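Scroll down for the structure; my scribbles are underneath it.
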Amino acid sequence: MTLSPSGARLQGDDYQHLVSWYHALRMLLPGSDVTAISMEVRGSGIVDDLNVHRRNGNDEYYQLKFSVDASNPIDNAWWIDPSGTEGPSVLKRFRDSFQRLRKPDYVPRLALYTNRPIDPRDPLLKLRDGLHGCLGTKLREEGPRSEAGKRRKQWADHVAISEDALLEMLDHLALYTDQGSWSSLVTSTADRMAACGLKFDEHSIEQGMQACRNWVKIGTTRIDRSILEAEIRNRSLLGEAPWVTFVVQAIDRHPWAVDAQATVDWVDLYEGERPEERVRLKDPALWNSRLLPELREAVMKLEAARCDRIMIRGHMRLPTAFMVGRSLPEVRGFHLACMQRQERWTTEVKRADVQVFAEREELGLGDELAVGVSVARNLGRDVIAYAREAKLPVKRFVHLRPEEAHAQALSGASEALGWALAIRNRIADEVRDMRARKIHLFLATPAAAALFLGHFWNRIGATQLYEHVDAQTGYEPAFFVSA
């Protein structure tokens, strides 16, 4: 169905108002230096949609763009072709805003914020750095004869400035593209509201968006904390104790990670260009020499902020999900939540009684214990084959599974919680009966179930986790959990 211009415009307005609400909530986050936001700001040029004012004066100036689909990525033509009816190009408009806001002792921070994807084939745009979203650093390293170097000169000539002046602007222009679907924005806004101790259901999110729309409509475009808190009271948005967000960027980056209470970013440490290809670290030693210390550092940050209700976000595989749960254990008073099949699963629910079936096979290769945990699929034969081929020093393999392994074997948080506790207890019994000095743990579960299992993994014993690589390789060692 073709969307009318009015429909597209209304969707764009909703996007702008919800992004504005998302950033307004930064004023309520612990330790935030955001003092106010402004919307529809006169005199800011192309970055008039949203300004975020910070106590240190390092304000942020946003251009917000919504696309109804991904059919037209941001490419070179998007930057330099005339805007509208022979108007100045987007690049010229950003340059105009940069010059207008620049002062002798002040360099503005501009940003393009959009769900529209970037063209990964463009020789210049593909140089955007993954940490800050800017082009300047990597583009500066390109020689004049390279494709990116030729494009750099084209852009400088287009806006009639030197290449050095262009690079300075690009050092301060963040490209927050590929910001996900409308639903992902709603989900991230829900996380932000939960972190602020507000209600975070769909109606409450709609109320926040309506608040921004109303402020723009009546001309109250600069919102400070007192105005925001009054609106929250008027709209009855105060909720329960806050949930804070911890974003784990393992196999892919999260579009809303920048304002999480804590975050880790390991994407560049993996082999592979796409998330589905990222199953193996470039250096296997990094599991415990880098990833584990960084995970512990993030947890220390959460503890220092006195956060005990943690919403886990991000893209990760099962050993990482388990290790996140293990790093935020139930015995230290943490409560965890995550999204599973578009549902919020939390450890605060009442656990269900779950039956676990056990199969044992004596391998006689040593004195250690191998455990396969199946939920989503049956991994028993694969683990046995790998253990024998890799000559793991295991005496016994124990396969723990539901009556039938399939993707929906755990129907919700209550069953997942009961399952995690039942699995932990069965493994503890096996370790005690066998007097095993080490456990080799293999998982085929929903990510939330792996998270919950790690959350309850306490005083079980030294544990080696394994990552499933592919059908040919089988498994490789991942995190090691000391006793």
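The values are calculated or read from the model by the stated rules, or taken from the named source; none is laboratory data. Since we're looking at a predicted model, the values are computed, not measured. Note that each Cβ is placed from the backbone with ideal geometry, even for glycine, and that neighbours are counted across all protein chains shown.
Within segment 212-241, can you find the residues that are on the phi > 0 side of the Ramachandran plot and under 30 Å from the mean Cα position of the chain (by Cα)? Of everything in segment 212-241, just one residue is on the phi > 0 side of the Ramachandran plot and under 30 Å from the mean Cα position of the chain (by Cα), namely 236. Here residue 250 meets the list (1) over 30 Å from residue 266 (Cα atoms); (2) modelled with pLDDT of 95 or more almost entirely, failing just condition (1).
Kindly indicate the residue of segment 180-206 that is within 30 Å of residue 124 (Cβ to Cβ) and crowded, with 21+ Cβ neighbours inside 10 Å and also nearest to the chain's Cα centre (by Cα) among those meeting that condition. If you could, list the steps in order and put the result at the bottom.
Narrowing segment 180-206 to residues within 30 Å of residue 124 (Cβ to Cβ): 180-182, 184-185, 188.
Still in the list and also crowded, with 21+ Cβ neighbours inside 10 Å: 185, 188.
Values: 185: 12, 188: 9 Å.
Ranking the candidates gives 188 first.
With surrounded by fewer than 19 Cβ atoms within 10 Å (Cβ to Cβ), touching an Asp or Glu at 6+ places or on another chain (Cβ under 8 Å) and hydrophobic (A, V, I, L, M, F, W, C) as the only criterion, which of 371, 354, 394 stands out? Exactly one of 371, 354, 394 is surrounded by fewer than 19 Cβ atoms within 10 Å (Cβ to Cβ), touching an Asp or Glu at 6+ places or on another chain (Cβ under 8 Å) and hydrophobic (A, V, I, L, M, F, W, C), namely 354. Going by what's in this entry, would residue 296 be described as surrounded by fewer than 15 Cβ atoms within 10 Å (Cβ to Cβ) and touching a residue at least 24 places away in the same chain (Cβ under 8 Å)? The answer is yes for residue 296. Here the condition is being under 18 Å from residue 13 (Cα atoms), out of contact with any Ser or Thr (no Cβ under 7 Å at 6 or more places or on another chain), without any contact (Cβ under 8 Å) to a residue 24 or more places away in the chain and not hydrophobic (A, V, I, L, M, F, W, C); of 49, 105, 69, it holds for 69 alone.
Part of a helix (DSSP H, G or I), at pLDDT below 95, closer than 21 Å to residue 191 by Cα and not β-branched (Val, Ile, Thr) - does that describe any residue in segment 5-14?
So far as segment 5-14 goes, yes, one or more of its residues are part of a helix (DSSP H, G or I), at pLDDT below 95, closer than 21 Å to residue 191 by Cα and not β-branched (Val, Ile, Thr).
Scanning segment 198-253 for residues that are part of a helix (DSSP H, G or I), in contact (Cβ under 8 Å) with a residue 40 or more places away in the chain and under 30 Å from residue 324 (Cα atoms) turns up just one, 205.
Restricting to segment 51-81, and then to whatever is among the polar types (S, T, N, Q) and at pLDDT 90 or above, can you tell me which residue is nearest to residue 41 (Cα to Cα)? Working first, answer last.
Taking segment 51-81 first, the residues among the polar types (S, T, N, Q) are 51, 56, 58, 63, 67, 71-72, 76.
Next cut, at pLDDT 90 or above only: 51, 63, 76.
Values: 51: 7, 63: 11, 76: 27 Å.
Of everything passing the filter in segment 51-81, 51 is nearest to residue 41 (Cα to Cα).
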